[in-house]
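The values are calculated or read from the model by the stated rules, or taken from the named source; none is laboratory data. Because the structure is predicted, anything quoted here is derived from the model rather than measured. Positions of Cβ are generated from backbone atoms using ideal geometry, with glycine treated the same way; all protein chains shown enter the neighbour counts.
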Amino acid sequence: MKKIEVFKTVNELIKNNKLYHSIIISNENQSTLEEVSIEVVRQIFCLNNSLENDDCEWCSRVISKNNLNTFFIGDGTTKISKDEIKELIVKFSSSGIENNKNKVYIISNGENLSEGASNAILKFLEEPPKNTYALILTNDRNQIISTIKSRCKLFSLENETEKENIDSKIIDLVINRNKNALLEYLIEFKKMERNEILKNLSATFEKAIELNIKFLQETLLDTINEIKNSNYINLILENLFIKIYEVI
């Protein structure tokens, strides 16, 4: 699955009150796993069930990692012990620490669970406390024991090419309302050839349609037409990024 497909699926499940309590997210790239897991957590806590970051109190807290109802286990390299899982179970068997009914724990990476830790978490996955969600990240789902996998919904992320990462970057910056990074990306964008710019903007336009970001659809369409018929590409790009900056 592509990242956007995961986000849209999770959003629909949340809106219909059918979100899986235990999810495995698999991809070879650790930064991709972390990015997707934080976005899934943001959606779980969002007060408005928004597909995009709407800057509600809990969206902001999740993005800034200022959220005591989210618990992280593992550093991605060392083994995760049985004692760490026991500590998790104690914390999540009690009521939420903060004023939000949901609680989420993220295990990074699931293949690093020791045998004792794997056995300790099985029943917790099978019978989780109310409004408790598990995200198990993994670079190799085949190394996670089958009894854990059978209790979880698997989202296997496609390995994105460099081009696909560039295509989605404007969308990501808009969703996360990251103004500083947007201006930095303008510098990178100006270095591209005309054909590459048009391909990127066209792909971004298609994703804006998928996500129903109307202001971006209109702005991108105008920009694409201007670039096709003008030699002042840098000026057109600057105007595009300024318009996006002002909206977000």
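How about segment 21-74: which of its residues are assigned to a loop (DSSP other than H, G, I, E, B), surrounded by 15 or more Cβ atoms within 10 Å (Cβ to Cβ) and either touching a Pro at 6+ places or on another chain (Cβ under 9 Å) or of a type in the set (Gly, Ala, Ser) (or both)?
Passing the criteria: His21, Ser50, Gly74.
Please work out which residue is nearest to Ile187 (Cα to Cα), limiting yourself to segment 204-247 and to residues that are over 25 Å from the mean Cα position of the chain (by Cα) and outside any helix (DSSP H, G or I).
Within segment 204-247, the match that is nearest to Ile187 (Cα to Cα) is Tyr232.
Which residue, of Asn67, Asn17, Asn48, is more than 25 Å from Ile144 (Cβ to Cβ), at pLDDT below 90 and of a type in the set (S, T, N, Q)? Quick ask: steps written out before the conclusion?
Numbers: Asn17 fails: at pLDDT below 90; Asn48 fails: at pLDDT below 90.
Within the list Asn67, Asn17, Asn48, the selection yields Asn67.
Across segment 189-244, which residue is nearest to Thr9 (Cα to Cα) among those that are surrounded by 15 or more Cβ atoms within 10 Å (Cβ to Cβ) and of a type in the set (Ser, Thr, Tyr)?
Here the answer is Thr204.
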